[in-house]
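Worksheet: the structure to be examined is printed underneath.
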Number of protein chains: 2
Amino acid sequence: MKVHGQEYRSIWLDPKEEGLVHLINQNRLPWSFEIADLRSPGDALEAIRSMMVRGAPLIGATGALGMYLAATTAKNQKDPEAFLNDWAYRLSTARPTAINLARSVNHVFNKIRLGQSGEVSLLAKKEAELIIEEEVDACRKIGEYGLPLIRECAEKKDGKTVNILTHCNAGWLACIDYGTALAPVYLAHDAGLPVHVWVDETRPRNQGARLTAWELGQHGIPHTVITDNAGGTLMQKGQVDMVLVGSDRTTLDGYVVNKIGTYLKALAAYDNHVPFYVAIPLSSFDLNTTTNPLLLPIEEPDPEEVRMIEGWHDGEIKQVQLFPENSPALNPAFDITPPEFVTALITEKGICMPVIEETIRLFKE
Amino acid sequence: MKVHGQEYRSIWLDPKEEGLVHLINQNRLPWSFEIADLRSPGDALEAIRSMMVRGAPLIGATGALGMYLAATTAKNQKDPEAFLNDWAYRLSTARPTAINLARSVNHVFNKIRLGQSGEVSLLAKKEAELIIEEEVDACRKIGEYGLPLIRECAEKKDGKTVNILTHCNAGWLACIDYGTALAPVYLAHDAGLPVHVWVDETRPRNQGARLTAWELGQHGIPHTVITDNAGGTLMQKGQVDMVLVGSDRTTLDGYVVNKIGTYLKALAAYDNHVPFYVAIPLSSFDLNTTTNPLLLPIEEPDPEEVRMIEGWHDGEIKQVQLFPENSPALNPAFDITPPEFVTALITEKGICMPVIEETIRLFKE
C-alpha cells in the first residue's frame, strides 16, 4: 500500500542484486521511515528477533527469505547441508507463536534439501517468492470477502460512517500487502464507503498507536487512537459497528490466538451484540486440532517491555520508565479468544463459522 | 498507611497553623514524594483540577477542606456570603464524575451559611474534619468487611497465595487512609494472609503503575504490574482469585462508574467465574436512581493524555509522544459496569448484592 504516495510492500527482493532483501524497519515507525537490508540468514533472524518485522504472514515471509539468503551462501560452507539444516532450525524457532514461520521456513527447506547444490539458491528464491505471492493474494481475497460485511453495514446505516474497532496491527505492515484485518477496510475505503477505524493503542508495544494509525493515515483512512481500556465503553454507546482483528494462530475449532487484549474486546463485542470478525489466511491456522488451546505456547517477552515505553521526544526515539524497579512486571504477549465470542472467520477461501467442520471444509476447497 | 516507614494520610490539616492544609502531590509519584501546601480555596481547586489529588473520597475531602480555606478568608471579603457561595459552586463543580465532591462541599457550605461570620471558619473546620474521619472510618470498615472474603479464599487454597487483580488506584492514596478496594488487602496482609496483587497499569494516566504499585510496595505487599490487556488471559489460566476495584459513582441499582477499562475486567471475571467485588463507601453512591446509567456524565479529558505519556528518564519526569499529531485520539475517562457482572458491593455497612433493595437497606441501617 502507499507510503508518501508511493506503493510499497513490507518486504521485497532487490530487483537487481542477488542475495539482497529489503524491508521496512518497523521499530522506527511512525517516527522514521527506514529501509533495512538483509544479506544473510543471520540478518533475517535478527530482523525477526528484534521485531523489525512482526505479524504472522510477514514473519513467515522473512523466514522464507532468510532460507533463501542461507541458500545463496550455502555452497561456500564446508558442509552446505548441515549449514542449511542449522539455519532452517534457527529461523523456524525464532519466535514460537507465529505458526507461519516454521511452515514457511520448512517449505523452502524441503524444496532445496533435495536440490543440486548449484541450484539451491534459485529453488529457494522461487519458493520464497511463491510463498510471498500467495500471502499477498490471500490478503487481497480476505479483503474481497470482508468488503461486503462493511458494505452491508453502510447500507443499514443509510450511508453513515461505519465504525470499525481493531486491535494491534493486522494491516499491510503485518503482512506483505493489504493486511488481514485491515484488507477489507482498505478495499471499502477505496470503493468509496465511509469507514472510520478505532485504533487500540495495544500496550505494551503500542503497535496500534505506532503502526496501524500510521498506515491508515498514509492511506488517508479516518481513524482515532484510543487506549486499550476504551473499546468497551464505545461499544456500550453504540459507537462500534464491528470489530476486525487478525490472528497469529487459530485452531481448526476456532480458538483465536492474537495479541494480548483481543479476548477482552471479544467479550465486550459479545456483550453488546457487535460482530467480532477474525481475518486470517489459511496459512495461520494451527492444524494440530488436538491441542488444548490453553496449553498453546504463548510467548512471555521481557517484562521490561511493560516498565519501559518508547516514544518521541525532542526529535529522537526515547524510552521512559513507567514504574520503579522494585515493582515486578509480567508480560504475556498473546491471549486466546474462545470460538463462542467469534462471529466469523474471514479467510481467502471465504467466510466461515469458527467450528471445525467449517474450517476443514475451507482447506478442502 | 506507611511511606518510608512513617504513617501518612493523603491529606491533613496542619496541626499548628490555622488555614493550612497539606497533601501528597500525586502527580509526582512514584518518582518523587512531595508534600504540597494549600492556603486558599483556589489552591484546593487547582489541586483537584491538576489531579494532585484523585479518587472520589480524597477529592471530596479536598473540596471540604477547600471550603474551610474559603471560610478562613471569608471575613476579609466585601461580601463574605457571596464569596462562600461562589467557592461552593466552583469547588463542587471542579470535576463532574466524583459524586462525593459536590456532597462534601455542600455539607460544609450548609453548615456555615447559617453560622455567625466570626465562627464560620471553626464550623467549616469541624465539618471538614468530620467528613474526613467518616471517610477514614468507612474505609477501615470496608477493609473489615472485605477481609473475610480473602481469608475464605486463602483457606480454600490451603494457604497458597491469594491473587487479587485491581484496576486504577483505589488505595489509601485515593482516599484519606486504608483505601477502598485495597483496604481488605492491607488488612489481610497485616493479618498474615498470603496476598499478591496484579496491578493493571491503567492507561492513559497509569494510576495503577504509578500509584497502586508504589503504595503496595511501600507497605511491603507483593504485587506485579501488568498491562490493561493482560488480566483476561490471567483469569483464563486461573491466576486470578478475585477482582477488587473501587468506584467513582455507583447507582443504587448497581451500575458501577469506574476508571475506563473496569468494565472489560468485569466481563472477563464473569466469563471465568472469578468474583468481581466493588469496594465503595456509601458516600460514593449516586442517590438519583432514575438516571439512565449510560446517560451519566462521563468526563472526556484532553485526548493529549492518550498521545503523550509521562515517565522517568535521566532523573526527571519526561513526556514522550506515542503517535503523531495527524492521528486524532479520544479519551473517555470512565466506563460503566452493569450490575449483572458485579458479584457484590463491599461497603462500610456490609456486603450487598448490586440491587436496589439491598443498597437502600444499607442506607437505612
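The values are calculated or read from the model by the stated rules, or taken from the named source; none is laboratory data. Note that this is a predicted model, so its numbers are computed, not measured. Virtual Cβ from ideal backbone geometry, glycine too; neighbours counted across all protein chains shown. Ligands, DNA and RNA are stripped out before the accessible areas are found, and what is left, the full protein with its side chains, is counted by its heavy atoms. Shrake-Rupley method; radii C 1.70, N 1.55, O 1.52, S 1.80 Å.
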Problem set entry | More than 26 Å apart - percent of Cα-Cα pairs taken over chain A | 49
Exercise. For the range B:57-126 and the range B:324-365, what is the separation of their Cα centres, given in Å?
Worked result: 28
Exercise. Evaluated at 20 °C with a viscosity of 1.002 mPa s, what Stokes-Einstein diffusion coefficient in µm²/s does the range A:1-69 have when Rh comes from the Kirkwood expression over alpha-carbon pairs?
Worked result: 176
Seminar exercise, completed: Pseudo-spin-label distance A:Glu119 to B:Lys126, built 7 Å along Cα→Cβ, given in nm, is 10.1
Problem set entry | 27 Å Cα-Cα reach of B:Lys78 towards lysines, excluding residues that sit fewer than 8 places from it in its own chain | B:Lys111, B:Lys125, B:Lys126
For this session: List the distances, in nm to one decimal, from the label point of B:Asn288 to the label points of the same position in every other copy, shortest first, placing each label point 7 Å from Cα along the Cα-to-Cβ direction.
Result: 5.7
Problem set entry | Label point 7 Å beyond Cα along the C-beta direction, distances from A:Glu305 to other copies (nm, shortest first) | 2.7
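In Å², what does the accessible area per residue of the range B:181-340 work out to with a 1.4 Å probe? Before the final figure, lay out each step's value.
Working: 4520 Å² over 160 residues.
Value returned for the range B:181-340: 28 Å² of accessible area per residue.
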Exercise. For the residue pair B:Arg361 and B:Asn110, what label-to-label distance in nm results when each label sits 7 Å from Cα along the Cα-to-beta-carbon direction?
Worked result: 2.7
Problem set entry | the range B:128-270 - convex hull of alpha carbons, volume per residue in Å³ | 116
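Order A:Lys2, A:Lys364, most accessible first, counting only protein heavy atoms with a 1.4 angstrom probe. Please report the intermediate quantities before stating the final value.
Details: A:Lys2 85, A:Lys364 165 Å².
Order by accessible area, largest first: A:Lys364, A:Lys2.
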Problem set entry | Under 19 Å from A:Lys160, Cα to Cα: lysines that are on another chain or at least 8 residues apart | A:Lys237
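Using alpha carbons only, what's the Rg to Rh ratio of the protein assembly as shown with Rh from Kirkwood? Before the final figure, lay out the partial values.
Values: Rg = 28.1 Å, Rh = 27.3 Å.
My calculation of the ratio gives 1.03.
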Problem set entry | Distance in nm between pseudo-label sites at A:Glu299 and B:His22 (7 Å out along the Cβ direction from Cα) | 4.9
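Keeping the other protein chains in place, figure out the carbon and sulfur percent of the accessible area of the range B:215-352, with a 1.4 Å probe. Could you put the intermediate results ahead of the total?
Details: 2060 of 4190 Å².
Of the solvent-accessible surface of the range B:215-352, carbon and sulfur hold 49 percent.
Between B:Asp14 and A:His4, what FRET efficiency follows from the Cβ-Cβ distance if R0 is 51 Å, with the result rounded to 0.05? It would help to have the intermediate numbers written out before the result.
On the way: r = 60 Å, r/R0 = 1.18.
FRET efficiency, B:Asp14 to A:His4: 0.25.
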For this session: Once you have all Cα-Cα distances for the range A:62-113, histogram them in 10 Å bins from zero and send the whole-percent values.
Result: 30, 55, 14, 1
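Do any trypsin sites (Lys or Arg not before Pro) in the range B:16-110 lie in a loop, going by DSSP, with at most 10 other beta-carbon atoms within 10 Å of their beta carbon, and if so which?
Answer by residue number: B:Lys16, B:Lys78.
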Problem set entry | Of B:Pro41, B:Cys139, B:Ile99, farthest towards positive along the dipole that unit charges on Lys, Arg, Asp, Glu beta carbons give the range B:1-145 | B:Ile99
Problem set entry | the range A:1-31 versus the range B:209-261: alpha-carbon centroid distance in Å | 42
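How much of the DSSP bridge set in chain A is antiparallel, in percent, rounded to the nearest 5?
Values: 24 of 43 bridges.
Close to 55 percent.
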Problem set entry | Residue among B:Phe33, B:Phe323, B:Phe285 with the largest mean-square fluctuation in a Gaussian network model of chain B, springs linking Cα atoms under 10 Å | B:Phe323
Problem set entry | Computed magnitude of the charge dipole of the range B:105-223 (debye, nearest 20; Cβ of K, R +1, Cβ of D, E -1) | 280
Exercise. What gaps in nm, shortest first, separate B:Ser40 from its twins in the other copies when you place the label 7 Å past Cα toward the beta carbon?
Worked result: 6.8
